[in-house]
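Remarks on the structure that follows.
The values are calculated or read from the model by the stated rules, or taken from the named source; none is laboratory data. Note that the structure is a prediction, hence the values are computed from the model and not measured. Every residue, glycine as well, gets a Cβ built from its backbone with ideal geometry; the counts of neighbours run over all protein chains shown. Side chains included, ligands, DNA and RNA excluded: accessible areas come from the protein's heavy atoms. Shrake-Rupley method; radii C 1.70, N 1.55, O 1.52, S 1.80 Å.
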Amino acid sequence: MTFRQQQLKDYPGPSSIPFSLSTLALAILALLAIATLISQKHKLRGMSSKSKVSDGEIASFCAVTGVSSKDARKFLEKHKRLDAAVDAYYSNPNAFATLSKSQTSAPSTSKLDALFEGYKDPDSEDISINGTIKLCEDLEKDPEDVVLLAVAYELKSPEIGRWTRKGWIEGWKANGCDSLSAMKNAVARFGDQLSSDSAYFRKVYLYTFDLGRSDGARSLGMESAQAFWSLLIPYGLKGGALSHISSTDDDDDMDMNGAEGWRPEYTEWWFEFLNEKGGKGVSKDTWSMFLDFMRSIDAKFEKYDMEAAWPSTIDYFVDFAKERLASLRT
């Protein structure tokens, strides 16, 4: 037997091979397709992670809170939405251990005490009117700016134009401030929050009653009440803190049916009504419930419940407003 004959004898033939070349080619192609798919998924994930937070969102977050872009990204990446991230920051500015030193280090009591001394009345233990005017100049705020009511709330000012050492130190420390620049940033945050945050607006609004009330008085003077309303109401309407709600329960649900609520001109009607009615002051009950009334009343005053526990002053005003609306339609 020749060598060629032996080769032919030993060759198993096509039927004895485990799989054909075509099958092998298909398997290789399938593996390549899977590898390509996995690679594409990794690329997409990388692109998604990079585009989670936009530069615009970071800029908006920094403008509202005053933090660095690095810290802004951390809050936005965790809470996904800009509004949720801002709320989270105000709830806990030190949520991340890697925040900048100016944000995480405890404010210095000695620095705050020195600043207080710079504004304090030499004949008093407190900062009084002259010191308040100087403080407003340094904060670059008009003394009649509505944001000063938020500052008064934060520092627990006992009356307009007076600040105690205890309230000054504890209030600024609670907001992470021990320098004028930090205070300016904080005041900007107070203003944004007062305009857009209904819960914060309520706190400042209710505090304002005691802030403006004379010592020993049970009511807020009518002139003072109207001056405070003139500051607070337009600011809350503009930013959404006084947006119309469908109910006054704890859910604070926004009215999504397009029903319009309190209008700017109604504030003037309210003042006109109070002046015609007479009276020297506004009770705490009327002051506090008027806030709920503004947010819940419809634009035509048709859904007002006379049987509810509203102060009689508001009951009479609804009649006044309805008559005014009727006269405008004729």
Considering residues of the range 53-68 that are assigned to a helix (DSSP H, G or I) and in contact with a Lys or Arg (Cβ under 8 Å, 6 or more places away or on another chain) only, the residue modelled with the highest pLDDT: 58
Which numbered condition residue 273 fails, given (1) in a helix (DSSP H, G or I); (2) open to solvent by less than 10 Å² (accessible area, probe 1.4 Å): (2)
Test set (1) on the phi < 0 side of the Ramachandran plot; (2) open to solvent by 10 Å² or more (accessible area, probe 1.4 Å) - residue 176 fails condition number: (1)
Residue within the range 160-167 that is buried (at least 20 other Cβ atoms within 10 Å of the Cβ), closer than 30 Å to residue 296 by Cβ and touching a residue at least 12 places away in the same chain (Cβ under 8 Å) present: no
Condition check for residue 224: hydroxyl-bearing (Ser, Thr, Tyr), open to solvent by less than 60 Å² (accessible area, probe 1.4 Å), at pLDDT below 95 and farther than 28 Å from residue 89 by Cβ: no
Selected residue (only one of 200, 235 is in a helix (DSSP H, G or I) and open to solvent by 50 Å² or more (accessible area, probe 1.4 Å)): 235
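Based on what the data block shows, is residue 195 touching a Lys or Arg at 6+ places or on another chain (Cβ under 7 Å), hydroxyl-bearing (Ser, Thr, Tyr), closer than 15 Å to residue 65 by Cβ and part of a helix (DSSP H, G or I)?
Numbers: touching a Lys or Arg at 6+ places or on another chain (Cβ under 7 Å): yes; hydroxyl-bearing (Ser, Thr, Tyr): yes; closer than 15 Å to residue 65 by Cβ: yes; part of a helix (DSSP H, G or I): yes.
Criteria met by residue 195.
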Any hit, the range 97-105, residues being of a type outside the set (A, V, I, L, M, F, W, C), at pLDDT 70 or above and open to solvent by less than 80 Å² (accessible area, probe 1.4 Å): yes
Test for residue 168: is it touching a strand residue (DSSP E or B) at 6+ places or on another chain (Cβ under 6 Å) and modelled with pLDDT of 95 or more: no
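Please determine whether any residue of the range 121-133 is over 27 Å from residue 284 (Cβ atoms) and of a type in the set (Ser, Thr, Tyr). Steps first, please.
Pass one, the range 121-133, residues over 27 Å from residue 284 (Cβ atoms): 121-125, 130-131, 133.
When the remaining residues are screened for being of a type in the set (Ser, Thr, Tyr), the result is 124.
Yes - at least one qualifying residue is present in the range 121-133.
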Residues of the range 157-196 classified as hydrophobic (A, V, I, L, M, F, W, C) and farther than 20 Å from residue 210 by Cβ, total: 9
Some residue of the range 184-196 being within 27 Å of residue 113 (Cβ to Cβ) and free of Cβ contacts under 8 Å to residues at least 12 places away in the same chain: no
Hits in the range 131-154 (condition: hydrophobic (A, V, I, L, M, F, W, C) and within 19 Å of the chain's Cα centre (by Cα)): 146, 147, 148, 149, 150, 151, 152
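Looking at 153, 90, which one is under 21 Å from residue 201 (Cβ atoms) and at pLDDT below 95?
Working: 153 fails: at pLDDT below 95.
Being under 21 Å from residue 201 (Cβ atoms) and at pLDDT below 95 holds for just one of 153, 90, which is 90.
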